[in-house]
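Working notes, beginning with the structure itself.
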Amino acid sequence: MIALLRRDLRLAVRAGGGFGLGLAFFLIVIVLVPFGVGPEASVLTRIAPGILWVAALLAALLSLDRIFALDHEDGSLPLLATSPLPLEGVALTKGVAHWLTTGLPLTLAAPALGFLLNLAPTAYPYLLASLALGTPALSMIGTFGAALTVGVRRGGLLLSLLVLPLYVPTLIFGAEAVRLGAEGLSARVPMAMLAGITLFAFALLPFATAAALRVNLR
Amino acid sequence: MMLSVENITCARGGVPVLAGVSFALEAGQALVLRGPNGCGKTTLLRTLAGLQPPLAGAVTLPEDQGAYASHADGIKTQLSVTENLAFWADVHGQPLPDDIFTTFDLDDLRDRAADTLSAGQKRRLGLARLGVIGRKVLFLDEPTVSLDGFSVRLFADFLRDRHLAQGGVAVIATHIDLGLDAPEMDLTPFRAGPDASGGSDEAFL
């Protein structure tokens with residue numbers, strides 16, 4: 001599993017690997033929002049938590065179809081399925097690799113972009129914490145969606161339609177945590193829900209992903 | 001007994017294509033599958049490798065010893081030749097044997113990105129994978145596609161002198177003569193009829 005993780009990370013940073021894709025998208029959306037809604041600081045402060053979370057979610061969505069489609073195209077997937085790695089382990093590794101190349105950079109870049117949206121100063125720790133807790137769930141749910149659509153040619157649209165409803169709880173609690181933080185209130189409940197969703201995703205979805213892969217490999 | 005196949009029926013897209021296929025291979029033996037295009041060679045090999053379940057019958061082989069090689073080589077074009085082989089060796093918990101590069105004439109290409117290889121060179125890299133994963137039972141689907149005569153002999157030598165000589169087993173679907181001393185099996189007589197046993201439920205409705 002370490003070998004697969006190392007390979008996926010190496011592929012992500014090589015040319016055409018899509019490492020910067022999500023990050024660049026995140027940056028572009030956040031930079032464009034003030035142009036769209038106008039430079040009024042109070043308006044930006046109010047919508048910043050929601051915009052940051054929606055942009056992070058869409059950025060994570062952008063690179064989902066690469067998770068299994070590339071391995072499917074070059075024939076690596078059946079070879080991995082017949083290797084000693086359990087398919088559940090392959091699924092988990094793919095989810096972790098996606099988070100390391102998408103969720104983690106998004107989380108680290110978010111505070112700098114929050115500044116562009118005039119995010120309330122008290123909200124920064126909540127922004128970092130909620131993204132750190134919530135984006136792993138986005139990666140794992142996305143991995144499951146990618147496994148469901150792996151055999152479908154140009155399945156990007158189907159993948160988005162499948163995955164977006166599953167992303168809604170994470171989005172609601174993530175944005176809520178940042179909003180409560182911005183107002184100086186306790187965000188314990190949405191944080192606990194985010195952590196719960198992530199733990200739930202990592203506990204169950206590797207098995208569902210492996211089952212979906214088995215069906216699609218037939 | 002390394003590999004035993006008993007009376008299996010395999011299907012492609014829910015439609016049975018082969019029925020009643022049986023054979024057994026001892027250590028060091030190979031079997032060459034013959035048959036016209038579309039007769040079910042690939043389906044049979046995928047079933048044997050465990051990528052899809054048979055509709056009926058049983059496949060027995062030592063646990064975690066099967067390896068499958070298809071038309072797609074599983075090569076990452078952004079990685080170098082050595083990185084590609086090291087990855088597959090690593091996944092299978094095997095060391096990367098240094099002589100594998102010589103065996104498949106890849107010595108001069110070690111640090112080349114797989115992107116820049118020709119079709120035949122890529123194929124040799126894909127086949128070299130079989131030499132680094134330490135598996136005893138190989139299921140090879142048209143392994144010699146896009147190889148020149150010299151490379152075909154390299155591959156046949158690898159199969160005979162390294163794989164089979166060390167107690168391995170291979171089932172090979174191919175249209176050319178590899179020069180192996182192996183029995184051939186024509187799959188045409190095993191073609192599944194519409195009423196084949198284990199056929200889809202719709203057949204009974």
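Read-outs: derived from the displayed coordinates by stated rules, not from any lab. If you're wondering where the values come from, they're calculated on a predicted model, not measured in any experiment. Backbone-built Cβ (ideal geometry, glycine too); neighbour counts: all protein chains shown.
Here are the numbers:
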{"item": "The stretch B:48-189: C-alpha pair distances exceeding 22 Å, %", "result": "37"}
{"item": "Space enclosed by the convex hull of the alpha-carbon atoms of the protein assembly as shown, per residue, Å³", "result": "152"}
{"item": "Rel. contact order, % - alpha carbon contacts under 8 angstrom, at least six apart, chain B", "result": "33"}
{"item": "For the stretch A:73-156, average projected area of the Cα convex hull in nm²", "result": "6.9"}
{"item": "CD proxy at 222 nm, helix term only [per DSSP H run n ≥ 4: -39500 (n - 2.57); per residue of chain B; nearest 500]", "result": "-6500 deg cm²/dmol"}
{"item": "Considering only the protein assembly as shown, percent of DSSP beta bridges that pair antiparallel, nearest 5", "result": "45"}
{"item": "Set of lysines near B:K136 by C-alpha distance (under 22 Å), chain-local residues within fewer than 8 positions excluded", "result": "B:K41"}
{"item": "Highest-fluctuation residue, A:A110, A:A177, A:A24 considered, GNM on chain A with Cα pairs under 10 Å", "result": "A:A24"}
{"item": "Total formal charge among the other residues, if their Cβ is under 13 angstrom from that of A:L148, Lys/Arg +1 and Asp/Glu -1", "result": "0"}
{"item": "Dimensions (Å) - the stretch B:1-108, Cα atoms, principal axes, largest first", "result": "46, 30, 24"}
{"item": "Computed over the stretch A:1-217, the ratio Rg/Rh where both radii use C-alpha atoms and Rh is Kirkwood", "result": "1.00"}
{"item": "Residues A:Y167, A:Y124, sorted so that the one with the fewest Cβ neighbours within 10 Å comes first", "result": "A:Y124, A:Y167"}
{"item": "12 Å beta-carbon shell around B:G126, net charge (K/R +1, D/E -1)", "result": "+1"}
{"item": "Chain A: angle of helix A:156-182 to the longest principal axis, Cα-based, in degrees nearest 10", "result": "30"}
{"item": "Fluctuation leader among A:P86, A:P111, A:P190 - chain A, Gaussian network, Cα springs under 10 angstrom", "result": "A:P86"}
{"item": "Estimated FRET transfer efficiency when R0 is 41 angstrom, pair B:N37-A:L32 (beta carbons, to 0.05)", "result": "0.15"}
{"item": "Ellipsoid equivalent to the stretch B:92-168 - semi-axes via the Cα gyration tensor, in Å", "result": "19, 15, 11"}
